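Let me begin by presenting the structure, written as structure tokens, before commenting on it.
The values are calculated or read from the model by the stated rules, or taken from the named source; none is laboratory data. These figures come from a predicted structure and were not determined experimentally. In this analysis, Cβ positions are derived from the backbone assuming ideal geometry, glycine residues included, and neighbour counts consider all displayed protein chains.
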């Protein structure tokens, strides 16, 4: 969802066999379908609601991280997966929406007073909500019409919000757990590396005005 | 005249509600026990004889499966299923519990002697985790007060400190590259809390010796406090004059206090404590239930804290 819109497009380096994008969605939704099925058929252990809620959130983060690897893979290893980035980014959004729905409906039972109190008083909920809000305009503009309408430069600028979303998502994860268990820290480290890479690259390589995406 | 009118019946002659409820509960307990003993057990779970207790709740028990597969025992990892998967490596025989500090009779008890010499009771308690979920667990154990009386604490003893086994080679969660807590796990109670008849040293659940993941061979159960106060696999109990350090309090003092009494009005800084999810109730569609002051044990323990500001001393 982030970085530059497809500009170079030159078939250099590694070419992977192309698969239909619909396949990315189908494969991407397997975890969600499995989780709901397992939850309803009592296969998620003693606290199925919590497992469903956490797993959906974790998948959203995984897809978010996957979108952030597309650009470095292309720049560092000439592996071009750009055509799947929109699908992966939208999957991140759909999982975030399912995660949020699970929290609202199954966890809180749509108790609006409790939900509002959570958003106001609990930083991890505040950050989680804000992260979802940030993802909404990115999902809404993840289509060709929006890119045409906005212009590539403005679109790319907007989609840099995905960096904010990634930081929000790992913060949300770290703040929800007790002490410092490894999992959220590993995700935080991955996000730090992926964003750090971009920062270093932008500092080292001054962007030449002519190579701006069209 | 042999037939008395209702007004002649003394209130004391009517079966108290507690006893009546206990009978029902004993039946369900016995049924559960029959099922449990009929099943092949993985570890060397041994049946325990235990008397019923008026302190037991008659709420629906959390299944044995859930009680023994959904655990927080960070010495074996931070995942809820880690303890059940990894705690088999803990060697619980031989096991001794050292009693030291300000006591007239310091001692070192072999666990089997401690069990044999104690009057075991079944105590069905609610267990409220600080994370916002709860269970109803049929513990088998004896009041900590019984042990305390045997070792004769000195007048100077004001607190009781507990320590979990420190065995990195048997506890794979301890050498994690991200140390979650400082080991060994330590806990503590004020002496009057320790002497309260509800405070239990549990050696079993569901009529059998404790599975390792639940804190074998002996653990603390303090039903009006958050679950993390219930220190597991105890090797040492010390009587001291100052408030002893406790593991979660050391890890995050602003989040976990020494007292850690269940209190729906005092939130954890990061989440609400007003409600809880009862494990095994409703599955995916579990409904939250209100959390009770002192986890519903206010009648027995509220007096321990009169005059204390429970917002400050959380």
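General observations
- Count - residues of region A:37-50 that are buried (at least 16 other Cβ atoms within 10 Å of the Cβ) and either at the interface with chain B (Cβ under 8 Å from one of its Cβ atoms) or in contact with a strand residue (DSSP E or B) (Cβ under 9 Å, 6 or more places away or on another chain) (or both): 8
So that you can scan it fast, the table gives a plain yes or no per residue for (1) in contact (Cβ under 8 Å) with a residue 24 or more places away in the chain; (2) within 20 Å of residue B:284 (Cα to Cα):
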{"residue": "A:73", "(1), (2)": "no, no"}
{"residue": "A:77", "(1), (2)": "yes, no"}
{"residue": "A:85", "(1), (2)": "yes, no"}
{"residue": "A:91", "(1), (2)": "yes, no"}
{"residue": "A:99", "(1), (2)": "yes, yes"}
{"residue": "A:104", "(1), (2)": "no, yes"}
{"residue": "A:131", "(1), (2)": "yes, no"}
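- Where strands (runs of 3 or more DSSP E) sit wholly within region B:62-131, those with at least 2 residues that are at pLDDT 95 or above, more than 14 Å from chain A (Cβ to nearest Cβ) and closer than 22 Å to residue B:51 by Cβ occupy B:121-128.
- Inside region B:167-183, residues that are closer than 20 Å to residue B:236 by Cα and either within 14 Å of chain A (Cβ to nearest Cβ) or without any contact (Cβ under 8 Å) to a residue 40 or more places away in the chain (or both) make up a count of 6.
- Residue in region B:100-107 that is buried (at least 19 other Cβ atoms within 10 Å of the Cβ), within 19 Å of the chain's Cα centre (by Cα) and in contact (Cβ under 8 Å) with a residue 24 or more places away in the chain present: no
- Selection count, region A:164-186, where residues are away from chain B (no Cβ under 13 Å) and surrounded by 19 or more Cβ atoms within 10 Å (Cβ to Cβ): 5
- Inside region B:260-270, residues that are free of Cβ contacts under 8 Å to residues at least 24 places away in the same chain and either farther than 20 Å from residue B:302 by Cα or more than 9 Å from chain A (Cβ to nearest Cβ) (or both) make up a count of 2.
- Of the strands (runs of 3 or more DSSP E) contained entirely in region B:188-292, those carrying at least 3 residues that are modelled with pLDDT of 95 or more fall at B:200-205, B:219-221, B:234-240, B:275-278.
Yes or no, residue by residue, for (1) in a helix (DSSP H, G or I); (2) surrounded by fewer than 20 Cβ atoms within 10 Å (Cβ to Cβ); (3) modelled with pLDDT of 95 or more:
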position	(1), (2), (3)
A:6	no, yes, no
A:54	yes, yes, yes
A:57	yes, no, yes
A:73	yes, yes, yes
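- Count of region A:116-125 residues, restricted to those that are under 22 Å from residue A:59 (Cβ atoms) and surrounded by fewer than 20 Cβ atoms within 10 Å (Cβ to Cβ), is 1.
- You will find that of A:145, A:189, the residue that is modelled with pLDDT of 95 or more, away from chain B (no Cβ under 14 Å) and surrounded by fewer than 16 Cβ atoms within 10 Å (Cβ to Cβ) is A:145 and no other.
- Matching residues in region A:116-137 - criterion: being more than 28 Å from residue A:160 (Cα to Cα) and away from chain B (no Cβ under 11 Å): A:116
- Of everything in region B:283-299 that is over 19 Å from residue B:131 (Cβ atoms) and surrounded by fewer than 16 Cβ atoms within 10 Å (Cβ to Cβ), the residue that is farthest from the other protein chains (Cβ to nearest Cβ) is B:299.
- Residues of region B:271-282 that turn out to be farther than 25 Å from residue A:127 by Cβ, within 9 Å of another protein chain (Cβ to nearest Cβ) and surrounded by 17 or more Cβ atoms within 10 Å (Cβ to Cβ), as a count: 2
- Only residues that are surrounded by 19 or more Cβ atoms within 10 Å (Cβ to Cβ) and within 13 Å of chain A (Cβ to nearest Cβ) were counted in region B:245-259, giving 4.
- Residue identified as more than 14 Å from chain A (Cβ to nearest Cβ), over 17 Å from residue B:126 (Cα atoms) and under 21 Å from the mean Cα position of the chain (by Cα) among B:202, B:157, B:145: B:145
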